[in-house]
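Engineer: Below you'll find the structure I mean.
Please treat every number below as a calculation from the coordinates, not as lab data. Because the structure is a prediction, the values reported are computed rather than measured. Glycine also receives a Cβ, built like all others from the backbone with ideal geometry; neighbour counts cover every protein chain displayed.
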Amino acid sequence: SKPKDCPLAKDELGRYTWGFLHTLAAHFPRQPTETESYRMCKFINIFAQFYPCEPCRLDFQDDIKENPPQTKSREALSQWLCERHNTVNVKLGKPEFDCSKVNERWRDGWLDGSCD
Ligand code: FAD
């Protein structure tokens, strides 16, 4: 391990950022107001303009242009984000994640109790 805290490498930044984004989606209102839906959509578009990894953000911008943010509900947003992350996983040759497990992974903990 490194002796001091160091700037985030691309992979670390990605891990923390996905953690934040999936957790954000997992706690988005189940039935958002029009304003909440609109603002979350805005947030994602602005995030895509400033994510501090250029190849990452350029591909992400293209991806969300083709697949616009689904912000009508927590469930829709969580599934949409899982699909976007899977697009990146495929691009990087990583396994795809089973999106039916997104609430266990990011909100409730695994059904076997291993996170309790
Ligand atoms: P990560 O992919 O960081 O995933 C962290 C954890 O999330 C996993 O351990 C798993 O438990 C869970 N998870 C995995 N897939 C999903 C899913 N689909 N839905 C929900 N949870 C899931 N890196 C590049 O090298 N090139 C890029 O172009 C690039 N683009 C990126 C774009 C964005 C918007 C972000 C946020 C990151 C990007 N990254 C990119 C970083 C990359 O996605 C990974 O974060 C990094 O490679 C570290 O991977 P990891 O194997 O630790 O797991």
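Engineer: Test of understanding: in a Gaussian network model of the chain with alpha carbons linked when under 10 Å, which of THR35, THR71, THR87 would top the mean-square fluctuation ranking?
Structural biologist: THR35
Engineer: Give the cysteines in the chain for which no other Cys Cβ lies under 4.7 Å away, or write none if there are none.
Structural biologist: CYS6, CYS41, CYS115
Engineer: Here's another thing I want to ask about it. Work out how much length ASP112 to VAL88 would gain on full extension: take 0.36 nm times their residue separation and subtract the Cα-Cα distance, in nm to one decimal.
Structural biologist: So the chain would gain 5.8 nm between ASP112 and VAL88.
Engineer: Give me the one-decimal nm value for the distance between modelled label points at PHE50 and GLU34, 7 Å along each residue's Cα-to-Cβ direction.
Structural biologist: Result: 2.7 nm between the two label points.
Engineer: Helix-only mean residue ellipticity at 222 nm, the chain, DSSP H runs n ≥ 4 weighted -39,500 (n - 2.57), per residue, nearest 500. What is it?
Structural biologist: Only helices count here, giving -18500 deg cm²/dmol.
Engineer: May I pose another question? I want to verify a result. In a Gaussian network model of the chain, Cα cutoff 10 Å, which of these has the top mean-square fluctuation: SER73, SER37, SER100?
Structural biologist: Result for the chain, Cα springs under 10 Å: SER100 fluctuates most.
Engineer: As an exercise, take the mean of 1/r over every pair of distinct alpha carbons in the chain, invert it, and state the Kirkwood radius in angstroms.
Structural biologist: Here the Kirkwood hydrodynamic radius works out to 15.3 Å.
Engineer: Do any of LYS4/LYS42; LYS10/LYS101; LYS42/LYS94 go past 27 Å between their Cα atoms, and which?
Structural biologist: From the list (LYS4/LYS42; LYS10/LYS101; LYS42/LYS94), the Cα-Cα distance tops 27 Å for LYS4/LYS42; LYS42/LYS94.
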